[in-house]
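The structure under discussion appears below in the form of structure tokens.
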Amino acid sequence: MRIAQVCPYDMERPGGVQAHIRDLGTALMELGHQVTILAPLVGTPRPQGSGPEIIRLGRARRIGFGGTAYEISIALGAEKKRLAAVVEKGRFDVMHYHTMWTPLLPAQVFRRSKAANVATFHDTPAPTLEGRILAHAFRAMSKVLLPKLDGVITPSEAPQGHLAKVGPPVTILPPSTNLSRFANTRPTRSARYDDGRINILFLGRLEARKGASLLLEAYWRLVSEELPVRLIIAGQGEKERALREFAAGHSLPNLEFIGGFFDDETPQLYSDCDIFCAPSPYGESFGIVIAEAMASGKPVVAAANAGYRTVLTGEGARFLTPPGDVEALTTALRTLVTDAPLRAKLGAWGCEHAVRYDVRTTAPQFVAVYEEAIARFKRR
């Protein structure tokens, strides 16, 4: 098959959707398919390595809405003509759109598509006024859009609440990534973090949806108890200044802000930690970072939002905490900080559990969805 993966986001920015698109494309190529990624151009792209070709079309501008950041992308003028030529000459069998609501590049590709159209709806709006407005808009748009699609995917049941019950059947498939780079090639812990302290890692955008402020409050309580801990915050975002001000105001020791990083640097970040924490109170449809941490052999403390509950099941569910509950988050972290055998036990469980989210496990399932979509497209 000739497959196009359509991403509305900057492929250079670390993110679960981008990692899924890149790694799924590589796994599909290993199965013998031709894969191209269509994405907007943001800044100066890094040199491409192995994997699918990335064709950058149009420009994108980052905005914030509903507690998270989006790129609004569009191809105009010569870039619009180039987009049409890429779609025409690509002779794709399947166009796979991710976060299709994000304007405008996916819609521009969709209008020109002559292939089977499959969409993954990753979005889970926040339980805020803005989020409720988004969910209502998504539901209204889905009544028109879904009947025009040949395949529909969601990462879990969470996004289905704002989709109309029309169009092709919905398939639940995790937005899996290449977990072998965490499970099979673990880097040695950096010497600077090998001093006997228990390292807690947060990895993600510094925005309200990801909950880093909740973790800082929990860390303050752990420090107040004189526990031998360190907090590593890896990421950037609009809340960084407020987080740094909180840390300075409470004189938090052994706290490091890593700032921006690339996807190929994440294995080292996981190797440097003893506990991974994902306190996101809302807006998650899955949890790729949780799967990565588990594959790295690290115990995970996470908020029990709709998406993370999909990943942390069985033994791991013990360390799901009520979203937004700092006291419960502190208790869970304290338990793991003070119990090395439990950390090791959960780390081993995570390694075994994460295999189901590896892209080489799920790629054949995506191929099956594509084949059904092509058959549906031909019957139209």
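Applying the selection to region 1-32, what residues are over 25 Å from Phe182 (Cα atoms), in a loop (DSSP other than H, G, I, E, B) and at pLDDT 95 or above?
Met1
State the number of residues belonging to region 111-154 that are among the acidic types (Asp, Glu) and part of a helix (DSSP H, G or I).
Matching residues across region 111-154 total 1.
So which residues in region 33-48 are in contact (Cβ under 8 Å) with a residue 24 or more places away in the chain and assigned to a loop (DSSP other than H, G, I, E, B)?
Once the filter is applied, which keeps residues that are in contact (Cβ under 8 Å) with a residue 24 or more places away in the chain and assigned to a loop (DSSP other than H, G, I, E, B), region 33-48 yields His33, Val42, Gly43, Pro45, Arg46.
Within region 141-152, can one find any residue that is under 21 Å from Arg22 (Cβ atoms) and crowded, with 23+ Cβ neighbours inside 10 Å?
Taking every residue of region 141-152 in turn, at least one turns out to be under 21 Å from Arg22 (Cβ atoms) and crowded, with 23+ Cβ neighbours inside 10 Å.
Restricting the search to region 327-351, which residues are under 25 Å from the mean Cα position of the chain (by Cα) and of a type in the set (Val, Ile, Thr)?
Of everything in region 327-351, just one residue is under 25 Å from the mean Cα position of the chain (by Cα) and of a type in the set (Val, Ile, Thr), namely Thr330.
Given Ser50, Ser113, which one is more than 17 Å from the chain's Cα centre (by Cα), of a type in the set (Ser, Thr, Tyr) and modelled with pLDDT of 90 or more?
Every option except Ser113 fails the conditions.
Failed condition for Pro187, given (1) closer than 30 Å to Ala248 by Cβ; (2) outside any helix (DSSP H, G or I), with all others met?
So the condition that Pro187 fails would be (1).
Sort through Ile72, Ile63 and tell me the only one that's under 26 Å from Pro45 (Cβ atoms), without any contact (Cβ under 8 Å) to a residue 12 or more places away in the chain and of a type in the set (Val, Ile, Thr).
On the way: Ile72 fails: without any contact (Cβ under 8 Å) to a residue 12 or more places away in the chain.
On inspection, the qualifying residue turns out to be Ile63.
Which residue pairs have Cβ atoms closer than 9 Å, lie 6 or more positions apart in sequence or on different chains, and pair a first residue in region 103-126 that is more than 23 Å from Lys210 (Cβ to Cβ) with a second residue that is in a loop (DSSP other than H, G, I, E, B) and among the charged types (D, E, K, R)?
Matching pairs, first to second residue: Lys114/Arg91; Ala115/Arg91; Ala115/Asp93; Ala115/Asp150; Ala116/Asp93; Ala116/Asp150; Asn117/Asp150; Val118/Asp150.
Here is a list of conditions, (1) assigned by TED's automatic domain parsing to the domain that holds Gly347; (2) touching an Asp or Glu at 6+ places or on another chain (Cβ under 7 Å), and Pro168 meets all of them except one; can you say which number that is?
Among (1) assigned by TED's automatic domain parsing to the domain that holds Gly347; (2) touching an Asp or Glu at 6+ places or on another chain (Cβ under 7 Å), Pro168 violates only (1).
Here is a list: Glu284, Glu265. Which entry is farther than 14 Å from Asn199 by Cβ and free of Cβ contacts under 8 Å to residues at least 40 places away in the same chain? I'd like the intermediate steps shown before the answer.
Details: Glu284 fails: free of Cβ contacts under 8 Å to residues at least 40 places away in the same chain.
The match here is Glu265.
Looking at region 274-369, what helices (runs of 4 or more DSSP H) fall wholly within it and have at least 2 residues that are of a type in the set (Ser, Thr, Tyr) and either surrounded by fewer than 21 Cβ atoms within 10 Å (Cβ to Cβ) or in contact with a Leu (Cβ under 6 Å, 6 or more places away or on another chain) (or both)?
Numbers: elements: 288-295, 308-311, 326-337, 340-354.
The qualifying helices (runs of 4 or more DSSP H) are 326-337.
Within region 348-368, track down each residue that is in contact with a helix residue (DSSP H, G or I) (Cβ under 8 Å, 6 or more places away or on another chain) and farther than 17 Å from Asp23 by Cα.
Trp349, Gly350, Cys351, His353 - these are the residues of region 348-368 that are in contact with a helix residue (DSSP H, G or I) (Cβ under 8 Å, 6 or more places away or on another chain) and farther than 17 Å from Asp23 by Cα.
Can you tell which of Thr330, Thr310, Thr338 is in contact with a Lys or Arg (Cβ under 6 Å, 6 or more places away or on another chain) and either of a type outside the set (D, E, K, R) or touching a residue at least 40 places away in the same chain (Cβ under 8 Å) (or both)?
One residue alone meets the criteria, Thr330.
Residues being more than 22 Å from Pro187 (Cβ to Cβ) and of a type in the set (A, V, I, L, M, F, W, C): count how many of those fall in region 240-273.
7
The values are calculated or read from the model by the stated rules, or taken from the named source; none is laboratory data. As the structure is a computational prediction, the values presented were derived from the model and not from experiment. Neighbour counts run over all protein chains shown; Cβ positions are idealised from the backbone, glycine included.
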